[in-house]
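The values are calculated or read from the model by the stated rules, or taken from the named source; none is laboratory data. For clarity, every value in this text was computed on a predicted model and none was experimentally measured. Quick reminder, even Gly has a Cβ in these numbers, built from the backbone with ideal geometry, and neighbours come from all protein chains shown.
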Amino acid sequence: MLLYYITDRTAFPGDELTRRRHLLDKIAEAARAHIDYIQLREKDLPTRDLEQLASEAMRIISRESKLTTDRCPLTTALLINSRTDVALSTGAAGVHLPANDISPQQVSTAWEKACGSGRLAHEISSRDPLISASCHSPKEVQQAETNQTTLALFAPVFEKRDASPTGLEALRQACQAKIPVLALGGVTLQNAHSCLDAGAAGIAAIRLFQENDIAAIVRTLRR
């Protein structure tokens, strides 16, 4: 089961510095718990602040990877929401593309140019970026597959503010694609396995991970 944590530092209490500290602690917790993907989704941050936060997140993920002592190595991948430039400059594994963003092909082209130039090659974690994409219908998932996206986040399956849920039947249709499809939107411990039964390769969430003990959530989901 693929697990995908989407960050939201604004949900933490305190001033900006305190919220960032809480978020970085949560990223460390997610890495220790073997979350597969972390999407840094701090869309309101200026570029310099986002780069600093992403760099700190990368250092934390690298540190946690070196500290692991079990047989399963940490493989958490950091994706930056929408900002290919920040992903490149901080050595992140790739990007998440919201609806109506640039195409996966444009991300790949930018990645190849950066690697080829040598200017950023030493900071880039992989020549092939990981790309997730927001999808809201089975047709959009099919398009993501055609565009060679790594994985699709299908939402909202159960709930989202100001949006009608797609439901499990639409998720089931979306999961006919050959790329991994993760369920997003109102996913809880109680309904997560219904998403897997519909064919989802895993789940993506903000609150489920950010508001709970991530290790406990992971153990329950992967049991």
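The table below lists the values:
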item	result
Flag for THR18 being touching a residue at least 12 places away in the same chain (Cβ under 8 Å), among the polar types (S, T, N, Q) and over 19 Å from ILE131 (Cα atoms)	no
SER82 in contact with a strand residue (DSSP E or B) (Cβ under 8 Å, 6 or more places away or on another chain), at pLDDT 95 or above and more than 20 Å from ILE214 (Cα to Cα)	yes
Residue among ALA201, ALA170 that alone is of a type in the set (A, V, I, L, M), surrounded by fewer than 21 Cβ atoms within 10 Å (Cβ to Cβ) and closer than 30 Å to GLU112 by Cα	ALA201
